[in-house]
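Asker: The structure under discussion is supplied below as structure tokens; questions concerning it will follow.
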Amino acid sequence: MGQIVNIRKKFFALIAIAAVTCILITGCSKGSIKTMGDGTANENGGSTSANLNRNSDIFVDDGWIYFSKPAGNDIGISGYCLYKAKLEGTDVTKLAELGAQHISKQGDRLYFTDMLSHKPYSIKKDGTGLKKLFNYELHSMTTDSNHIYYALPGDSVLYSCSLDGSGQKTLIKDMTLHEFGLHDGWIYYSGENHMMHKVKIDGTGDVNLNIESGGDVHKVYTFDENYVFQVIDLADVVKTTLDGGNQVKAKFKAKDVFTVDSTIYYIDYDEANKQHKNDGQGDVNLYKVGLGLTGPIVVTKDLYNRDDEYYLFDNILYSCTGDGDKEILKVCDLKTGKVSIVNFKVSGE
């Protein structure tokens with residue numbers, strides 16, 4: 001299999017100083033995945049679809065944040081290790097000599113892919129019991145309370161298996177993109193002729209939604225209670241009902257999209273590109289609109305312009321950048337628009 005190494009990821013030593021409000025999600029059957037917007041991870045511990053499509057480099061749970069950063073002065077991708085820290089920035093603890101992506105949690109264990117080999121592992125939250133689950137290189141992965149869902153690079157198949165790595169099962173045979181979204185017991189994906197499909201999480205009941213899902217290699221799925229939103233062809237935002245009806249294309253173009261409580265948050269594609277041409281210097285605006293996708297309002301003007309390095313947990317958006325041996329973290333409360341900034345040293349042990 002072709003190995004895909006995402007070297008654009010800066011290291012994450014993410015320390016949140018914002019108070020986190022937990023949201024209880026109800027109405028899911030056992031083993032299903034439901035996100036009432038991407039403001040919170042699903043009740044079964046997997047990361048949201050929005051975070052999944054950004055590689056889920058961090059995970060926030062029960063007052064702790066899990067992330068990867070280089071150990072010592074080795075800033076190459078081979079030098080990354082998995083850490084955890086309390087949200088106020090204390091008790092930074094190394095968990096494994098592996099960098100982690102696609103991080104999720106089930107019970108007392110974290111599930112992730114190694115940043116270098118892309119092979120799947122699990123480990124207890126205290127750093128004991130590291131276990132390689134199987135020997136495939138993965139392109140993407142997430143979990144629910146019973147299963148791991150994953151795709152391989154260079155393949156058109158989506159698989160599932162038990163949390164211990166056994167019982168591999170083929171769910172989808174004709175994916176045209178490796179990204180997929182999970183919502184309320186269904187998997188949304190790009191199928192034959194780049195049309196969006198959905199299939200039950202056990203692989204049955206495939207439905208062609210007859211919606212063009214774009215042909216680019218980067219897709220973002222995000223969900224509201226009644227809608228699925230796609231970013232297709234790199235920038236076009238398309239909203240449809242979960243059964244594929246009432247398709248609406250936004251007038252704005254977006255680099256990233258998140259949904260929280262029937263509000264759409266996004267970073268403008270053209271603004272981000274303009275900053276990127278200036279070597280990524282400067283901040284970008286975060287906008288919000290309602291479900292009608294009209295009348296954008298600026299939430300904050302102070303987000304870092306980092307490629308796809310925005311992660312959403314419990315209505316808090318995280319973005320970061322590096323400055324020598326320091327990592328600078330911005331934490332944005334989407335409800336208030338308040339941005340907090342933390343500077344901390346990350347090199348050395």
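Nothing in this text is a laboratory measurement; each read-out follows from the coordinates by a stated rule. This is a predicted model, so every value here is computed, not measured. Neighbour counts are summed over all protein chains in view; Cβ atoms, including those assigned to glycine, are modelled from backbone coordinates with ideal geometry.
Asker: For residue 222, which sequence-distant residues (separation of 5 or more, or a different chain) have an amide H within less than 5 Å of its own amide H, given hydrogens modelled in the peptide plane?
Answerer: So residue 222 has HN proximity to 229.
Asker: Let me ask something else about it. How far, in nm, would the chain grow between residue 285 and residue 93 when pulled straight, counting 0.36 nm per residue and subtracting the alpha carbon separation? Don't jump to the answer; show the numbers that get you there.
Answerer: Values: separation 192, 0.36 × 192 = 69.12 nm, distance 3.35 nm.
65.8 nm is the gain from fully extending residue 285 to residue 93.
Asker: What is the local net charge at residue 244, summed over the other residues whose Cβ is closer than 13 Å to its Cβ (Lys, Arg +1; Asp, Glu -1)? Walk me through the numbers before you get to the answer.
Answerer: On the way: positive: 198, 239; negative: 206, 212, 243.
Value of the local net charge: -1.
Asker: Taking 22 Å as R0, compute the FRET efficiency from the Cβ-Cβ separation of residue 132 and residue 200 and round it to 0.05. Walk me through the numbers on the way to the answer.
Answerer: Details: r = 29 Å, r/R0 = 1.32.
Given R0 = 22 Å and the Cβ-Cβ separation, E is 0.15.
Asker: Next up: Taking loop as defined by DSSP and a crowding limit of 14 other beta carbons within 10 Å, which trypsin sites (Lys or Arg not before Pro) in the range 134-202 fit? The partial results should precede the final answer.
Answerer: On the way: sites: 169, 173, 198, 200; in loops: 173.
Taking the range 134-202 and a limit of 14 other Cβ atoms within 10 Å, the loop trypsin sites (Lys or Arg not before Pro) found are 173.
Asker: Which loop chymotrypsin sites (Phe, Trp or Tyr not before Pro) in the range 136-212, with loop taken from DSSP, have no more than 15 other Cβ atoms within 10 angstrom of their Cβ?
Answerer: Working: sites: 136, 149, 150, 159, 180, 186, 188, 189; in loops: 136, 180.
Passing both the DSSP loop test and the Cβ count: no residue.
Asker: How long is the gain from residue 192 to residue 174 if the chain were fully straight, where each residue apart is worth 0.36 nm and the alpha carbon distance is subtracted?
Answerer: On the way: separation 18, 0.36 × 18 = 6.48 nm, distance 0.63 nm.
In short, 5.8 nm is gained.
Asker: Quick check: residue separation of residue 270 and residue 162 times 0.36 nm, minus the Cα distance between them. What number comes out in nm? Intermediate values should be presented prior to the final figure.
Answerer: On the way: separation 108, 0.36 × 108 = 38.88 nm, distance 4.22 nm.
Between residue 270 and residue 162, full extension yields an extra 34.7 nm.
Asker: Determine ³J(HN,Hα), in whole Hz, for all residues of the range 157-162 in sequence, where each value follows from phi through the Karplus function 6.51 cos²θ - 1.76 cosθ + 1.60 and θ = phi - 60°; x replaces Gly and Pro.
Answerer: Values, residue by residue: 10, 10, 10, 9, 7, 5 Hz.
Asker: Taking R0 as 30 Å, what's the FRET efficiency between residue 246 and residue 297 from their Cβ-Cβ distance, rounded to 0.05?
Answerer: 0.80
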